[in-house]
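The values are calculated or read from the model by the stated rules, or taken from the named source; none is laboratory data. Model, not experiment: these values are computed from the prediction. Virtual Cβ from ideal backbone geometry, glycine too; neighbours counted across all protein chains shown.
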Amino acid sequence: MGEYKILGRDKMLESHAFDIEKIHYELPNGRKRSYDLVDHSDAVTLVPISESGEVYFVRQYRVGAESMILELPAGVLDPGEPPIDTAKRELREEIGMAADDVVEIGKFYTSPGYSNEFMTIFLARGLYPAPLKADDDEFLAVEHYPLEQVFEMVRSGEIQDSKSLAGLLLALPYLKEGLSSLGY
């Protein structure tokens, strides 16, 4: 079987958050096909957990869901910015905290069928107040919940954001002590 070969790209839309490109391919069988791609900057998500075992979230309006969504703090990398620096900045901007310990715990493509956004997940421990000014277009409510309640919220469907669900799953091996009472 042959390979996928990119034959060309056409920018269809340029916006402040992402671009849309038409990608022209030659498929492994020699046929040609075009696909639409959401060209999105890479991003980070954080699982911030306090010494008392509470996980910090933000609640914000998301246009795709047309509602307020509870999600872990997250943000897009600035050009040339390493993911760890983005994570530390977003933690301060979104929940007003910094952390003594910020550790990368996983990476994934958010929606590889139509987007190239690549997400890096970080666990943040040793939280302390260190707020930065939030972005002008972000209206966030900071909320925190005990770890046991967080996993009940996952099971009940209250947490519906995919990057938050993935982040919590990737954090499980690091949170085992707090989860032993849940039978994990």
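Residues considered: 65, 98. Of these, the only one that is touching a Pro at 6+ places or on another chain (Cβ under 9 Å) and aliphatic (A, V, I, L, M) is 98. Taking the stated definitions as given, is residue 75 in contact with a helix residue (DSSP H, G or I) (Cβ under 9 Å, 6 or more places away or on another chain) and in contact (Cβ under 8 Å) with a residue 12 or more places away in the chain? Yes; evaluated as a whole, the condition is true for this residue.
Quick check on residue 113: is it in contact with a Leu (Cβ under 9 Å, 6 or more places away or on another chain), at pLDDT below 95 and not in a strand (DSSP E or B)? So residue 113 fails the test. Annotation note: of 158, 143, the sole residue that is at pLDDT 95 or above, within 15 Å of residue 69 (Cβ to Cβ) and part of a strand (DSSP E or B) is 143. Within the stretch 19-37, residues that are without any contact (Cβ under 8 Å) to a residue 24 or more places away in the chain reach partners that are of a type in the set (Ser, Thr, Tyr) and assigned to a strand (DSSP E or B) with beta carbons closer than 6 Å, at six or more positions or on different chains, in the pairs 22/34; 23/35; 24/34; 33/25. Exactly one residue out of 61, 25 is aromatic (Phe, Trp, Tyr), modelled with pLDDT under 95, outside the structural domain of residue 139 (by TED's automatic domain parsing) and at negative phi: that is 25.
For the stretch 76-90, a residue qualifies if it is over 19 Å from residue 130 (Cβ atoms) and among the aliphatic types (A, V, I, L, M), and the qualifying residues are 76, 77.
Residues in the stretch 77-101 that are of a type in the set (A, V, I, L, M) and surrounded by fewer than 18 Cβ atoms within 10 Å (Cβ to Cβ): 84 alone.
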